[in-house]
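As structure tokens, the structure follows; a few thoughts come after it.
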Amino acid sequence: MADQTDGKVTQAETAPVPPSAGGAKAAAESKEAAGKINKSRRRIVWACIWGYLGVNFLMFLRFFFPRALYEPNTIFTIGFPSDFSLGIDQRFLMTNRVWVVKEPDRLFVIFARCTHLGCTPEWKPSENKFKCPCHGSGYDSEGVNFEGPAPRPMDRAFVQLDPTGKVVVDSSRLYVDDPRAGVNHFNDPGAFLNV
């Protein structure tokens, strides 16, 4: 009978096979590559975390700076009556949304808001009229509507002379002319200045 082992494994059978020189180099390179991949993954994850926290911090800081609209002062001076020539003066359109109109006998200020939907009309000197770009309302040089859907003339702002002789305009106090309602305040004191 042949020698039988009783299920015992000899040491020679369990000894690991020594790796060859090329195999050891390959194993070391694969370990190094795995380490580099893990480091780059960690960097990406940390960059995302810090980016997220940074954006949240900026949003937190933005909370302390409210988004307020700073509108121009409604009471302002525009100069002396002699500073204006006959016709429409547009110097204060961009800053205060008004046109200064000087006629031979009086000076008044038109608030530049279309009475249809509130757009700012444009002065067309070649046509001698105000024209609203939104829906085509037309106004003459005194701000009285004559074409388009505008229901009434543009409003006029309160004007008065201060003690130094300068013209003071208050665009929060408007004078209205509404023919359908039978109201006309264009000839009230404060709606114009005699010059």
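The set of residues in segment 179-195 being in contact (Cβ under 8 Å) with a residue 24 or more places away in the chain and either over 25 Å from residue 151 (Cβ atoms) or assigned to a strand (DSSP E or B) (or both) consists of 193, 194, 195.
Quick check, is residue 183 in the same structural domain as residue 84 (by TED's automatic domain parsing) and either within 36 Å of the chain's Cα centre (by Cα) or of a type in the set (Ser, Thr, Tyr) (or both)? Considered against the rule, which asks whether it is in the same structural domain as residue 84 (by TED's automatic domain parsing) and either within 36 Å of the chain's Cα centre (by Cα) or of a type in the set (Ser, Thr, Tyr) (or both), residue 183 comes out as no.
Listed by first and then second residue, the pairs with beta-carbon distance under 6 Å, at least 6 apart or on different chains, first residue in segment 153-178 and over 17 Å from residue 102 (Cα atoms), second surrounded by 14 or more Cβ atoms within 10 Å (Cβ to Cβ) and of a type in the set (Asp, Glu), are 153/177; 174/155; 176/155.
Of all residues in segment 150-176, those being touching a Lys or Arg at 6+ places or on another chain (Cβ under 8 Å) and within 25 Å of residue 95 (Cα to Cα) number 9. Within the span defined as segment 3-26, one or more residues are exposed (fewer than 10 other Cβ atoms within 10 Å of the Cβ), in a loop (DSSP other than H, G, I, E, B), modelled with pLDDT under 55 and small (Gly, Ala, Ser).
Across segment 152-173, not a single residue is classified as small (Gly, Ala, Ser), at positive phi and buried (at least 16 other Cβ atoms within 10 Å of the Cβ). Yes or no: segment 95-107 includes at least one residue that is surrounded by 12 or more Cβ atoms within 10 Å (Cβ to Cβ), more than 30 Å from residue 70 (Cβ to Cβ) and of a type in the set (Asp, Glu). Yes, some residue in segment 95-107 is surrounded by 12 or more Cβ atoms within 10 Å (Cβ to Cβ), more than 30 Å from residue 70 (Cβ to Cβ) and of a type in the set (Asp, Glu). Would you say residue 66 is at pLDDT 80 or above and within 20 Å of the chain's Cα centre (by Cα)? It is true that residue 66 is at pLDDT 80 or above and within 20 Å of the chain's Cα centre (by Cα).
Of note, residue 42 does not satisfy the criterion of being part of a loop (DSSP other than H, G, I, E, B) and among the basic types (Lys, Arg). Meeting the requirement of 1 or more residues that are free of Cβ contacts under 8 Å to residues at least 12 places away in the same chain, the strands (runs of 3 or more DSSP E) wholly within segment 60-130 are 122-124.
The values are calculated or read from the model by the stated rules, or taken from the named source; none is laboratory data. Nothing here was measured: the structure is a model prediction, and the numbers come from that model. Please note: Cβ atoms are built from the backbone with ideal geometry, for glycine as well, and neighbour counts cover all protein chains shown.
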